[in-house]
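These notes concern the structure reproduced below.
The values are calculated or read from the model by the stated rules, or taken from the named source; none is laboratory data. All of these numbers come straight from a predicted model, not from anything done at the bench. All Cβ positions, glycine included, derive from the backbone under ideal geometry; neighbour counts span all protein chains shown. Only protein heavy atoms, including side chains, enter the accessible area calculation; ligands, DNA and RNA are left aside. Shrake-Rupley method; radii C 1.70, N 1.55, O 1.52, S 1.80 Å.
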Amino acid sequence: MRVAAFGILVGVLVIGSVPAAQNSAGPAKTPLTFTKDIVPILQRSCQDCHRPGSIAPMSLLTYEDARPWARSIKARVVNREMPPWTIDKNVGIQSFKHDRSLTNAEIAKIAAWVDDGAPRGNPADMPPPRVFTDTSKWTLAGVLGPPDYVIPIPEPFVVEPNAPNMWIDLIAESGLTEDRWIRAFETKPSQEGFPVVHHATTSLYDEDADVVSDDSVSFSEYALGKTGDILAENSGFLIKAGTKVRFNMHYAAKAERITDRTSLGLWLHPKGYVPKFKHIRQSVGNVQDLDIPPGENNVRVDGYLFLKDNVRMTVFQPHLHNRGKRQCMEAIFTDGRVETLNCVNWNFGWHIAYNYTEDAQPLLPKGTVLHVTTWHDNSTANKWNPDPRNWAGFGQRSSDDMAFAHVSWYVLNDDEYKQTVEERNHRSPGNRTTVGAP
Ligand code: HEC
């Protein structure tokens, strides 16, 4: 009885819907398809990692690859967990180089495609496959080509099965026979070593202090999912002939024996070219007096840095550990105005260097105070939390925590600063958000 009634009802609906569709203003809505609508998004925002030999667990190159993951893809993109991009889209600067995050429209497209049964569509609509250079190693290679110079740790490093955590310094000869200016750099474990490298920081090193040229000896840092640092176009970082590089490594063993050979890749300015500005990278708002009670959420700390020079900021990279939840960086100007530069919703899996586009690079006059606010979550709600029953404080282990941002900039003298502000105001009048002048 109920079955029959249901059948009649469906019949009526079907019959009724035909004229309705014909009468509607436009043609019937064609469903979104993989080949036409979804692949372009995957090519731009996913395939660097989701392809054979790269860091993600599965490939998203073809329909056959992607189809079994449709529901998971929808969940991850709707929650903005994929592609990894922790910048809060609702506040602060949104203009970054190499931004592979999705627009709301792209997210809606993926969701609608999955809800429609994730159809393949016409194979002829498929755009040509992306051609990959060997980016399995250098994330910047896709943008800049392979590095000009690679400095590996001195010897391959063997991490024995289930060995305790190791923090060690390895000093490598750079082998450089002439002074060169660096325009981009990236620190990376070897493909095989990847699973055991918790972090690797690189810095210029020399016992002979005058070979270390400036106050900016900190280079680059790798941690899971880290990208590289690209310096502003007219700036550079000097590495002198004979300089050594110090790798500070944290190895966390696996059940099997794994050999790593982490290296530092350098992209150089052409020989003889001297960039106008010297790149500086430093930690901002570093709070070491952390007191994170067990089970507690939204534990807040505030760190500050007074700028004694005018700066043009180029890169923002928050650094927190497992219990990190959120971080915001704001500028407090001498006239009392306060501007949020950026916030991130932290995810310990991803240490991303956010490179501002030229026109969005914050211009901050001397006297500005940078204020970094960090929140930690030591509750069970945090899936990265190693143990919500434990108090946590500052420390090097990822089960300890940290709260600061790696920030890069270069210094402008007063005339250069004034000129840069004028140029910026000329190009985008009324846009004062990243300019300190009242
Ligand atoms: C920077 C590298 C990177 C990019 C870009 C990236 N992913 Fe991922 N993705 C990963 C890694 C690594 C994992 C495994 C760790 C994890 O689950 O977070 C992953 C996991 C996933 C998972 C979960 C798989 C599972 O085991 O359940 C899905 C689904 C996913 N990604 C979809 C996407 C989509 C869709 C895009 C693009 C819109 C994308 N990813 C972009 C690296 C990336």
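Quick notes
- Residue satisfying all of: in the stretch 98-107; among the hydrophobic types (A, V, I, L, M, F, W, C) and surrounded by 15 or more Cβ atoms within 10 Å (Cβ to Cβ); farthest from the ligand (Cβ to nearest atom) among these: 107
This table checks each residue for (1) outside any strand (DSSP E or B); (2) open to solvent by less than 30 Å² (accessible area, probe 1.4 Å); (3) in the same structural domain as residue 328 (by TED's automatic domain parsing); (4) farther than 18 Å from residue 324 by Cα.
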residue: 366; (1), (2), (3), (4): yes, no, yes, yes
residue: 372; (1), (2), (3), (4): no, yes, yes, no
residue: 378; (1), (2), (3), (4): yes, yes, yes, no
residue: 385; (1), (2), (3), (4): yes, yes, yes, no
residue: 388; (1), (2), (3), (4): yes, no, yes, no
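- The stretch 37-60, residues that are of a type outside the set (Asp, Glu), more than 12 Å from the ligand (Cβ to nearest atom) and either free of Cβ contacts under 8 Å to residues at least 24 places away in the same chain or surrounded by 16 or more Cβ atoms within 10 Å (Cβ to Cβ) (or both): 52
- Condition check for residue 154: surrounded by fewer than 17 Cβ atoms within 10 Å (Cβ to Cβ), part of a loop (DSSP other than H, G, I, E, B) and away from the ligand (no atom under 16 Å from the Cβ): yes
- Failed item in (1) surrounded by 16 or more Cβ atoms within 10 Å (Cβ to Cβ); (2) among the aliphatic types (A, V, I, L, M); (3) out of contact with any Cys (no Cβ under 8 Å at 6 or more places or on another chain), with residue 87 passing the rest: (3)
So that you can scan it fast, the table gives a plain yes or no per residue for (1) open to solvent by 20 Å² or more (accessible area, probe 1.4 Å); (2) at pLDDT below 95:
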site: 375; (1), (2): yes, no
site: 391; (1), (2): yes, no
site: 394; (1), (2): yes, yes
site: 401; (1), (2): no, yes
site: 407; (1), (2): no, yes
site: 416; (1), (2): yes, yes
site: 422; (1), (2): yes, yes
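- Residues (closer than 22 Å to residue 128 by Cβ, open to solvent by 70 Å² or more (accessible area, probe 1.4 Å) and in contact (Cβ under 8 Å) with a residue 40 or more places away in the chain) located in the stretch 61-80: 67
- Within the stretch 79-97, the set of residues being in contact with a helix residue (DSSP H, G or I) (Cβ under 6 Å, 6 or more places away or on another chain) and either more than 7 Å from the ligand (Cβ to nearest atom) or part of a helix (DSSP H, G or I) (or both) comprises 93, 95.
- Of all the criteria given as (1) open to solvent by 60 Å² or more (accessible area, probe 1.4 Å); (2) at pLDDT below 95; (3) within 13 Å of the ligand (Cβ to nearest atom), the one not satisfied by residue 131 is (3).
- For the stretch 147-173, the candidate set comprises residues that are modelled with pLDDT under 90 and within 27 Å of the chain's Cα centre (by Cα); within that set, the residue that is nearest to residue 265 (Cα to Cα) is 169.
- Residue 110 being surrounded by 15 or more Cβ atoms within 10 Å (Cβ to Cβ), in contact with a helix residue (DSSP H, G or I) (Cβ under 9 Å, 6 or more places away or on another chain), in contact (Cβ under 8 Å) with a residue 12 or more places away in the chain and in a helix (DSSP H, G or I): yes
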